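Only one structure is covered here, and it is reproduced in the block below.
The values are calculated or read from the model by the stated rules, or taken from the named source; none is laboratory data. These numbers were taken from a predicted model, which means no experiment stands behind them. Positions of Cβ are generated from backbone atoms using ideal geometry, with glycine treated the same way; all protein chains shown enter the neighbour counts. To get the accessible areas, we keep the full protein, side chains included, count just its heavy atoms, and leave off ligands, DNA and RNA. Shrake-Rupley method; radii C 1.70, N 1.55, O 1.52, S 1.80 Å.
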Amino acid sequence: MTYVDSAPSKVNSQDYYHMDSLKENGFAILKDADFEVPEEEFINLEYMDWKSGGDTNFAPIASALGDMECAGFWEHDKPDKDGVWTQNAQHCPTIKKYVESMNTNYGRVRTIKLNPQDYEQALTQIHLDDNNRINPVGSGWVVRTWLELTNNPGAAMILRTKKDDVTSEVQLPLHRGMRYVVDSERMYHVVMNPTDKPRFSLITSIESSEQMEKWIQSNS
Ligand SMILES: [Fe+2]
């Protein structure tokens, strides 16, 4: 079965704690990872048919209840926090250790497999994420962090503040080991992969917090 991420719920972002490092641009580029994720830790995971941002498959590593599913946590009456490891997690110890090393509240943890798509194709898939549905007012705004797992020359994260406004566009060229954090409910985003191979990346939902802000600063 094919699923599609739904549009963001109507929440007022001003009701939540935001990290300074994302306030101006809506994203922060981190230093490259100082470790490598072995290929078998993401190639061999169990992937599910879940379309978001192109021809994609996702391997759930942490989900709402630890089940093998990509659905939003709200379907289990949870905000996108307090993720539970799935059976995939035992096969990717480097990824699990990395997520835990952030020492912050994580929700969905997934690797994405994105099949090739050029710039024009990618733009048809640009979207906002639904990160803060039923997130309690006054808590930390949920954002996402990426760790690129493969090298796909020419691949880039396309970010826009306005969906149809090319003048608001920023492109982040991607490479293996690259890390970044995006307020993906504020920034329209999609990845172009103009190669002939799938691009893999780790995507983790994280709750904004003072601790996470310090982590971003010490990793920037
Ligand atoms: Fe997204």
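Some notes on this structure:
- Segment 89-168 shape via C-alpha gyration tensor axes, a/c threshold 1.5: oblate
- Taking the accessible area of segment 17-218, probe 1.4 Å, and keeping the other protein chains in place, the carbon and sulfur fraction comes to 48%.
- Highest-fluctuation residue, 93, 79, 116 considered, GNM on the chain with Cα pairs under 10 Å: 93
- The calculated 222 nm mean residue ellipticity attributable to helices in the chain amounts to -3500 deg cm²/dmol, summing -39500 (n - 2.57) over DSSP H runs of n ≥ 4 and dividing by all residues.
- In the complete set of protein chains, residue-level accessible area for residue 189 is approximately 10 Å², probe 1.4 angstrom.
- The modelled label-to-label distance between residue 46 and residue 120, using points 7 Å beyond Cα along the C-beta direction, is 4.0 nm.
- Taken over the C-alpha atoms, the chain has Rg and Dmax values of 15.9, 45 angstrom.
- Annotation: aspartates and glutamates with alpha-carbon distance below 15 angstrom to residue 51 (same-chain offsets under eight excluded): 5, 69, 129, 130.
- Label-point gap, in nm, between residue 162 and residue 67 - each point 7 angstrom along Cα→Cβ: 4.2 nm
- Pairs with C-alpha atoms separated by more than 24 Å, drawn from the list 10/81; 31/78; 10/31, are 31/78; 10/31.
- Heavy-atom surface of segment 138-220, accessible at 1.4 Å and reported per residue (Å²): 37 Å²
- Per residue, the solvent-accessible area of segment 17-131 (1.4 Å probe, heavy atoms of protein chains only, all protein chains present) comes to 46 Å².
- R0 of 25 Å, Cβ-Cβ distance residue 35-residue 90: FRET efficiency to nearest 0.05: 0.85
- Our estimate of slack between residue 218 and residue 17, defined as 0.36 nm per intervening residue step minus the Cα-Cα distance, is 70.4 nm.
- Relative contact order of the chain, taken over Cα pairs closer than 8 Å and 6 or more residues apart, is 29 percent.
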